[in-house]
Amino acid sequence: MGLKDFKIKVSKENILHNYHYLKKLRNKEIIAVVKANAYGHGIENIVRFLSENGCKYFAVARECEAEKILKLKIENINIIILETIDEIEILKNNKNIHMVINSFKDLLNLLDKGVSTQQLHLKLDFGFGRNGILEKDFFKLKELIREKNLKFKGLCTHVFAADYDDMILIEKRFSQMLKELGDERFEIIHMQNSAGVISIEGEFCTHIRCGTILFGLQEIGYYDPCIKRAFKLNGRILDIKDIDDLKYIGYEKKENLNIGKYRKVAKIRLGYGDGFSKRSEGIMSIINNKKFKIVHISMDSSFILVDDSVKEGDNIEIFHDLEESINHLKVPHYEFLSCINDRIKRELIWL
């Protein structure tokens with residue numbers, strides 16, 4: 001990897017701060033959600049680091065993500081697969097892997113196949129429409145559990161609502177269903193996602209599920225000033241050219257770009273082939289503590305309008321201002337950060 005290639009630098013200090021702060025805030029153990037490559041932060045590095053610092057539960061979306069963690073050969077951790085999987089051999093061969101049950105049909109199927117309920121988390125759906133056992137099936141669920149005297153690894157739901165009053169209603173309904181089922185039937189109970197950790201107490205829960213907030217990525221409207229952002233996307237200027245010498249900047253004719261007063265363009269080794277979307281054209285980068293606009297993104301390179309203060313080899317940071325980037329891209333931070341792929345190296349370091 002060359003000097004001018006980009007890297008995502010992830011702060012051990014800030015992740016560790018967030019981890020301990022959130023544990024203390026709710027006085028509960030954490031389930032670290034590390035799906036989508038730990039929201040772009042690097043799943044292997046994050047799992048290894050958090051497990052070294054006491055985290056015992058990790059949640060992923062897909063079986064392939066669970067397999068990545070298994071390859072780390074870390075002892076005494078549990079992996080929760082949040083989505084339904086078809087191939088159950090991974091459950092039968094690895095007792096530390098659990099699966100979330102996302103429908104009553106899924107539950108019947110897994111019981112029929114002999115999967116231990118000690119590897120299953122029942123999920124209740126209160127209108128999210130994504131995953132979970134629907135309220136209309138709750139009576140059948142309750143009767144089945146009592147009839148077979150079933151005990152599960154966990155019970156969970158998802159706080160999907162942006163409205164605080166709806167969050168409270170979900171918490172209340174979940175608590176009522178837990179009482180009806182019997183909390184003694186579940187080893188762990190969890191409902192709070194990143195926004196829910198800030199918003200609701202979850203007094204009856206044993207664990208909190210922390211994804212984006214663990215990395216310092218906070219939801220709009222649910223901001224905690226004690227949470228620290230963990231990542232930086234950094235690289236160096238590859239070269240600089242005079243705009244007057246060019247007809248094109250990348251694949252765009254220079255007269256089609258809003259060049260304004262700028263007479264120089266800098267090239268960096270970052271493009272949509274790295275998961276840096278062309279929709280990012282127009283966002284601001286930071287070079288030498290000054291903002292400069294990215295005007296064109298190709299597959300392997302991007303181009304920035306710069307002034308005479310910028311030199312080849314200077315450090316550049318992308319997505320420095322997350323709120324500004326969110327407003328420009330019209331998508332949440334966890335979407336565009338998760339898109340940065342494995343061509344960009346992740347470094348977990350003390351920052």
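Helix content alone sets the calculated 222 nm mean residue ellipticity of the chain: runs of n ≥ 4 DSSP H residues at -39500 (n - 2.57) each, divided across all residues, give -8000 deg cm²/dmol.
Most fluctuating residue of 213, 15, 85 in a GNM of the chain with Cα springs under 10 Å: which is it? Looking only at 213, 15, 85, the largest GNM fluctuation is found for 85. Which of the lysines could be linked to residue 261 by a straight reach, that is with a Cα gap under 24 Å, when you skip same-chain ones fewer than 8 residues away? The reachable lysines, counting only those whose Cα sits under 24 Å from residue 261, are 241, 247, 253, 278, 290, 291, 293, 311.
Residue pairs exceeding 18 angstrom between C-alpha atoms, taken from 151/172; 23/179; 71/95: 151/172; 23/179.
In this calculation the C-beta distance from residue 116 to residue 53 is compared with R0 = 35 Å, giving a FRET efficiency of 0.75. Computed FRET efficiency, Cβ-Cβ of residue 94 and residue 342, R0 25 Å: what is it to the nearest 0.05? In this case the efficiency is close to 0.55. Taking θ as phi - 60° and the Karplus parameters 6.51, -1.76 and 1.60, the scalar couplings of the range 269-282 work out to 8, 7, x, 5, x, 9, x, 8, 4, 4, 5, 7, 4, x Hz in sequence order, x denoting glycine and proline. The distance from the alpha carbon centre of the range 2-65 to that of the range 270-337 is 25 Å, rounded to a whole number. For the range 137-212, the list of chymotrypsin sites (Phe, Trp or Tyr not before Pro) that fall in a loop by DSSP and count at most 16 other C-beta atoms within 10 angstrom reads 204. Compared with the direct C-alpha span, the chain from residue 62 to residue 288 gains 77.3 nm at full extension, assuming 0.36 nm per residue. Using the basic label-point model (7 angstrom from Cα toward the beta carbon), what is the residue 76 to residue 349 distance in nanometres? Going by the 7 Å Cα→Cβ label model, 3.1 nm.
In order along the range 142-150, the phi-based Karplus estimate (6.51 cos²θ - 1.76 cosθ + 1.60, θ = phi - 60°) of 3J(HN,Hα) comes to 4, 5, 5, 5, 6, 4, 9, 6, 7 Hz; Gly and Pro are listed as x. Here the Debye sum runs over all C-alpha atoms of the range 2-90 as equal scatterers in vacuum, and log10 of I(q)/I(0) at q = 0.21 Å⁻¹ comes out as -1.05. A simple count of charges around residue 90, restricted to other residues whose Cβ falls under 14 Å of its Cβ and scoring Lys, Arg +1 and Asp, Glu -1, yields -1.
Remark: the chain carries 47 Å² of accessible area per residue (probe radius 1.4 Å; ligands, DNA and RNA excluded). Summarising the amide proton neighbourhood of residue 316: residues at separation of 5 or more, or on other chains, whose placed amide H is nearer than 5 Å comprise 235, 236, 237. Once C-alpha pairs closer than 8 Å and six or more residues apart are averaged by separation and normalised to the residue number of the chain, the relative contact order reads 21 percent.
Beta-bridge orientation, the chain: approximately 45 percent antiparallel, per DSSP, counting only bridges with both partners inside.
The candidate values were (1) 1.15; (2) 0.91; (3) 1.08; the one computed from these coordinates for Cα Rg over 2.2 N^0.38 Å carries the label (1). With R₀ set to 30 Å, the beta-carbon distance separating residue 245 from residue 7 gives a calculated FRET efficiency near 0.50.
Applying both filters, DSSP loop and at most 10 other Cβ atoms within 10 Å, to the trypsin sites (Lys or Arg not before Pro) of the range 276-351 gives 330.
The values are calculated or read from the model by the stated rules, or taken from the named source; none is laboratory data. Owing to the predicted nature of the structure, the values given are computational and were not obtained by experimental measurement. Heads up, the Cβs are rebuilt from the backbone with ideal geometry, glycines too, and the neighbour counts pull from every protein chain shown. Protein only, heavy atoms only, side chains kept; ligands, DNA and RNA dropped before computing areas. Shrake-Rupley method; radii C 1.70, N 1.55, O 1.52, S 1.80 Å.
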